[in-house]
Amino acid sequence: MDTSLTDIFWVLICASLVFLMQAGFTCLESGLTRSKNSINVAIKNITDFGITTILFWSFGFALMFGTTSSGLVGSTDFILSLDKGSEINSFFLFEIMFCATSVTIVSGATAERLRFSSYIIISIILAGLIYPVFGHWVWGGIQSGTLYGWLGKAGFVDFAGATVVHSVGGWVSLAALLVIGPRTGRFLPDGVHMKIHGSNLPLSVLGVLLLWIGWFGFNGGSTFAMNDQVAAIITNTFLAGASGTMVTLTIGWIIRKRADAELVIFGSLAGLVAITASAHAVNTVSALVIGGIGGAVMLGVEYLLDYLHIDDAVGAVPVHLGAGVWGTLAVAIFGKEEILHTGLNRGEQLLVQASGIGVCFLWAFGTSYGLFLLINRFFPLRVSLDDEYIGLNVSEHGATTELHDMFSTMNNQARTGDMSLRVPVEPFTEVGQIAERYNWVMDALQKEAAKTESSLREKELLLREIHHRVKNNLQVISSLLSLQSRSSKDKHAIEMAQESQNRIKVMALIHEKLYRSKDFANVDFNDYIKNLVNDLFVSYKVSTSRISLKMDIENISLGIDTAIPTGLIINELVTNCLKYAFRPDKDGEIRISLRLLDNGKKELIVSDNGVGLPDSLDIKKAESLGLRMITNLTERSLHGTVTINRKNGTEFQIIFKEKEYKDRVNARNI
């Protein structure tokens, strides 16, 4: 390759412009992804360039541009010596940029779910194997002016890499996407497609503008000389980019009824990719057509991916693969035969171009898809759901953002209930201003919560004192009844006084349970029933060795408005069992159960195996105060039902439902 210093300088300038595309891709991808993954995206764009440089210098350049072996792969210039002059140095630098561009396409497509280590593996496979081998087939020998790669010799034309760079990156991206799957929440089980919006579209637009500048060198430098073609090539490039922008904007506006910012971004890039294969061999009108159709093709591929549930985070496959395929075919349709110099007519050229696209698919997609499936089987390429949820900035790199710090503090506060936690404030940022105002709200809430807590403590003390005093007063009444019964000689009056004492104890015991517990509204009925029944056995001097007691009480708590009538009912039923159910000369058994039914109601059963009730007895018309109390308390206070089973003794089944707070308040207001 005999070049002047001017040509070398031009190639170096263009290499620098193409390197600027790395910055463009970084801005583009960071802006189109969520902020929790932006650092990961940025780090990948730097890392893949480092990987590409080392691999391309070590053996990639040799495989691509070394002396050919049967037109399939290069076999010389491994561990490239760069002391052979400025020509090889400038050419090497320029080609590194192309390889890095192809690799970084995968970064955006697979964003927000691919492990960083997986991306390094993919970059090595693409930069070290797939790209240089296919590049040799098309561009092998280009530095000497004589192509010796088998596709290049067959007449396949790809001026600056619509297929070699962009389609190769697109095919590998598609393979990776099929293996790792869509982002969580992108495609819902009910068929809804959820758009995941980027964090900073203005940054993405900046990235596109940097890419336009980079294409200045991408296509303009592919002449490898500062000649009279350069101006026309750059002009065609920018016309195609502008055409892609306007066509995509127009079609998108018609379909979506709005000017979609992302379509402007993708359309411009699609136009630039499409012209890359033929920028040197078409006129300006053809460049406009190629770019415009490239934008339309991109839009069609985007809809196809969405239909197939393939989640490309930044539209890399529609832009680089879709428009790249079209641009490669456009060489045969619009290219000037006198510039192409392939000796083929348009039909033959179209066949060769299509064959090259097919070969690229088989090599780039087939190789990468097979390798990715194999690797994924032993080393999952995708991050876990938890890592994806918190974002790859944190899970992959331990790097936090102020937004993440704010959410972490808020989540911790929601989980622990600690109102003293405050969100870190970063001054002079929007997130910092939100954090500052959130802290103001929490300060106010904490003050009000402190007042409320103080008020609640006072009310708790008051309630505890009320329950204690009610219990004491009930005990005083019970003691008065006991004293009065001792002075009476009427057996019936003494018995009535004792029963009244027991009923008072039922209520007193509930208030005692309440003021001794932390919950002043509900009574633990398991413990309460045991204490109540044991007191009745003692009161009537019944030995548990003669009348056994079996209880099956679930852990149920009842509010005071339900607990008191329920306790009185149990008192009456157990009292009747102890007094009337058993003959003095026979043993017996009392069974008590309380359980929660599936419909939310409670079932209370008190039964005995004693003499039983007369069949003719109607408890609703009974003269006994205890039986009338059971009926009235069940129906009026508990709004329940009483069922009596007279087989093998007597069984009372009471089904009731505890009143909700609103029902209790309304009942008191009636």
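The values are calculated or read from the model by the stated rules, or taken from the named source; none is laboratory data. Everything numeric here is computed off the predicted structure, so don't read it as measured data. Neighbour counts are summed over all protein chains in view; Cβ atoms, including those assigned to glycine, are modelled from backbone coordinates with ideal geometry.
Structure notes:
- Considering the stretch 399-436, and only residues there that are part of a loop (DSSP other than H, G, I, E, B) and among the small types (Gly, Ala, Ser), the residue that is surrounded by the most Cβ atoms within 10 Å (Cβ to Cβ) turns out to be Ala399.
- Residue within the stretch 385-398 that is outside any helix (DSSP H, G or I), modelled with pLDDT under 85 and surrounded by 13 or more Cβ atoms within 10 Å (Cβ to Cβ) present: no
- Hey, Thr76 surrounded by fewer than 16 Cβ atoms within 10 Å (Cβ to Cβ), in the same structural domain as Phe134 (by TED's automatic domain parsing), in contact with a strand residue (DSSP E or B) (Cβ under 9 Å, 6 or more places away or on another chain) and on the phi < 0 side of the Ramachandran plot or not: no
- Beta carbons closer than 9 Å, at least 6 apart along the sequence or on distinct chains, pair a first residue in the stretch 524-538 that is in contact (Cβ under 8 Å) with a residue 24 or more places away in the chain and more than 20 Å from Thr562 (Cβ to Cβ) with a second that is exposed (fewer than 14 other Cβ atoms within 10 Å of the Cβ) and not aromatic (Phe, Trp, Tyr) for Phe537/Ser543; Phe537/Thr544.
- Residue within the stretch 251-266 that is in a helix (DSSP H, G or I), hydrophobic (A, V, I, L, M, F, W, C), surrounded by fewer than 24 Cβ atoms within 10 Å (Cβ to Cβ) and over 32 Å from the mean Cα position of the chain (by Cα) present: yes
- Subset of the stretch 326-360 [in a helix (DSSP H, G or I), surrounded by 16 or more Cβ atoms within 10 Å (Cβ to Cβ) and of a type outside the set (A, V, I, L, M)]: Trp326, Gly327, Thr328, Phe334, Gln349, Gln353, Gly356, Cys360
- Residue match in the stretch 594-602 (condition: touching a helix residue (DSSP H, G or I) at 6+ places or on another chain (Cβ under 9 Å), farther than 19 Å from Asp561 by Cβ and of a type outside the set (Ser, Thr, Tyr)): no
- Taking first residues from the stretch 632-646 that are closer than 12 Å to Asp561 by Cα and partners that are surrounded by 13 or more Cβ atoms within 10 Å (Cβ to Cβ) and among the hydrophobic types (A, V, I, L, M, F, W, C), the Cβ contacts under 6 Å between residues at least 6 apart in sequence or on separate chains come to Leu633/Leu568; Leu633/Ile569; Leu638/Phe656.
- Selected residue [surrounded by 24 or more Cβ atoms within 10 Å (Cβ to Cβ), in a helix (DSSP H, G or I), out of contact with any Gly (no Cβ under 7 Å at 6 or more places or on another chain) and in contact (Cβ under 8 Å) with a residue 12 or more places away in the chain] from Ala287, Ala270, Ala279: Ala287
- Test: residue in the stretch 226-247 that is over 29 Å from Thr6 (Cβ atoms) and surrounded by fewer than 20 Cβ atoms within 10 Å (Cβ to Cβ): yes
- Test for Ile46: is it farther than 11 Å from Thr104 by Cα, surrounded by fewer than 21 Cβ atoms within 10 Å (Cβ to Cβ) and assigned by TED's automatic domain parsing to the domain that holds Leu263: no
- Within the stretch 549-590, the set of residues being surrounded by fewer than 12 Cβ atoms within 10 Å (Cβ to Cβ) and not in a loop (DSSP other than H, G, I, E, B) comprises Lys550, Asp552.
- Contacts under 9 angstrom Cβ, first residue in the stretch 441-454 being farther than 13 Å from Gln413 by Cα, partner among the charged types (D, E, K, R), 6 or more apart: Asp443/Arg422
For every residue, the table says whether it meets (1) closer than 20 Å to Ser58 by Cβ; (2) in the same structural domain as Ile310 (by TED's automatic domain parsing); (3) surrounded by 21 or more Cβ atoms within 10 Å (Cβ to Cβ); (4) aromatic (Phe, Trp, Tyr).
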residue	(1), (2), (3), (4)
Ile96	yes, yes, yes, no
Trp137	no, yes, yes, yes
Gly141	no, yes, no, no
Ala154	no, yes, no, no
His166	no, yes, yes, no
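- Hits in the stretch 524-545 - residues which are among the charged types (D, E, K, R) and outside any loop (DSSP other than H, G, I, E, B): Asp524, Asp527, Lys530, Asp535
- Scanning the stretch 153-170 for residues that are assigned to a helix (DSSP H, G or I) and over 46 Å from the mean Cα position of the chain (by Cα) turns up at least one hit.
- Residue identified as touching a helix residue (DSSP H, G or I) at 6+ places or on another chain (Cβ under 8 Å) and either assigned by TED's automatic domain parsing to the domain that holds Val172 or more than 9 Å from Gly244 (Cβ to Cβ) (or both) among Leu263, Leu304, Leu308: Leu263
- Selected residue (only one of Gly221, Gly198 is within 24 Å of Ser123 (Cβ to Cβ) and in a loop (DSSP other than H, G, I, E, B)): Gly198
- Flag if Gly356 is under 28 Å from Phe25 (Cβ atoms), in contact (Cβ under 8 Å) with a residue 24 or more places away in the chain and over 28 Å from the mean Cα position of the chain (by Cα): yes
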